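Notes to accompany the following structure.
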Amino acid sequence: MALVDLATTMLIADPEDVATVLEPTADDGALAAAAGGNAGPIAISFPSFTDGRGFSLARLLRERYGFKGEIRAVGHLIPDQGQFLLRSGFDTVEIADPDTADVWKFSLERIGRNYQPAVRNTLPLRWNASHKASIALNEALGATDDLVGRIKEVSKRIEGRIAFSTSLGLEDQAILHAIANSGVLKSGAEIDVFTLDTGRLFPEVLETVELSELRFRTRIRLVVPDAAEVEELVTRDGVFGFRQSVDNRKSCCEVRKVRPLNRALQGAQGWITGLRREHSDARAEVPLAEWDQDRGLIKVNPVADWSTDRLMDYIAAHNVPVNPLHARGFVSIGCAPCTRAVEPGESPRAGRWWWENEEKKECGLHINGNEKEKEKAA
Ligand code: SF4
């Protein structure tokens, strides 16, 4: 038995991993159980090459359950299905005869472009086009310090839905003001403004949502986590289980933030965030725009290079509404149990998960592929 790596078309002879096998009839419970805490391969069985249920299962594992490990196709498959496997989220396919690896390789390399969205947008042409577009946008945004001008540039250069995930923090409120005052909404740009309602937010955050909706005459969507996943998490770890270990905390952020965010970003061509380089060492090199290969979109950080003074000047000059917690010493505001006020001179991120080491303090929303590799190696 051997495997073909679908992304590289390399042959893997005699793989040692033992995979958890899912039948095509696997239900939500079986998928959740396979994905939960399982870093090893998951094999999805295809009883015949005309049975397409396995493609849907792989997609659900990636998109609903956020599974990041290897997904392997096993059973009756033909080389013509290689591209579909790859685009549905599979990593490898099991082949009985290693001599057929070249046929799989030929099939995988024969299609040079795709126009349909996929779990993975791995094809070189699309990657190049989007990567080049993000580089050009990064340069264009660097040519102006004007936030409204930057938002107009983003709207002009990214076609399709642009997601703006706001935490209602200072940066995001400045960006929302710029979006509302740039005319891009009236010109028909599809900007989807949403916040992740984790179920653990401060009431002041929701009050700021309402205040901002009234001021900017736009709806801020509340994106909520999957109820069954939250129930399962709390049953397993407890109501405040995230305080017990970094792994528990990351599980909570995964269920309440990362997976809902990934759902909200599906189909979006661009993603606007309020990341700034001054936030922390981990964010010191955040660009104004970059290609997010994992999510297949251009990530835009229009205030990445702004200083705190520049940001506060903008907020004061435009009378931007802000979360009342800022006046009580809260700087970076996340969930209520995981956020505290900071002392003058402390890092803006010092009030988040203050019981953890500095270098582990990201919730996973902004970890890209390179950083994941570093985490794995650590
Ligand atoms: S910030 Fe705290 S409560 Fe919110 S999702 Fe992360 S661990 Fe859970």
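The values are calculated or read from the model by the stated rules, or taken from the named source; none is laboratory data. Keep in mind it's a predicted model, so treat the numbers as computed, not measured. Cβ placement follows ideal geometry from the backbone for every residue including glycine, while neighbour counts extend to all protein chains displayed. Side chains included, ligands, DNA and RNA excluded: accessible areas come from the protein's heavy atoms. Shrake-Rupley method; radii C 1.70, N 1.55, O 1.52, S 1.80 Å.
Residue 312 fulfils the conditions (1) open to solvent by less than 50 Å² (accessible area, probe 1.4 Å); (2) modelled with pLDDT of 95 or more except for a single criterion, (1).
Please tell me if residue 178 is more than 30 Å from residue 327 (Cβ to Cβ) and hydrophobic (A, V, I, L, M, F, W, C). Walk me through how you get there before you give the answer.
Numbers: more than 30 Å from residue 327 (Cβ to Cβ): no; hydrophobic (A, V, I, L, M, F, W, C): yes.
No.
Here 156, 132, 186 are screened, and the one residue that is open to solvent by 60 Å² or more (accessible area, probe 1.4 Å), modelled with pLDDT under 85 and under 22 Å from residue 273 (Cβ atoms) is 132. When the residues of segment 224-270 are filtered to those that are open to solvent by less than 40 Å² (accessible area, probe 1.4 Å) and over 23 Å from the mean Cα position of the chain (by Cα), the one that is nearest to residue 64 (Cα to Cα) is 237. Of all residues in segment 197-223, those that are open to solvent by 80 Å² or more (accessible area, probe 1.4 Å) have Cβ atoms under 9 Å from Cβ atoms of residues that are charged (D, E, K, R), 6 or more apart or on another chain, in 219/213; 221/192; 222/197.
Does residue 291 fit the bill of being surrounded by 18 or more Cβ atoms within 10 Å (Cβ to Cβ) and at pLDDT 95 or above?
On the way: surrounded by 18 or more Cβ atoms within 10 Å (Cβ to Cβ): yes; at pLDDT 95 or above: no.
No; evaluated as a whole, the condition is false for this residue.
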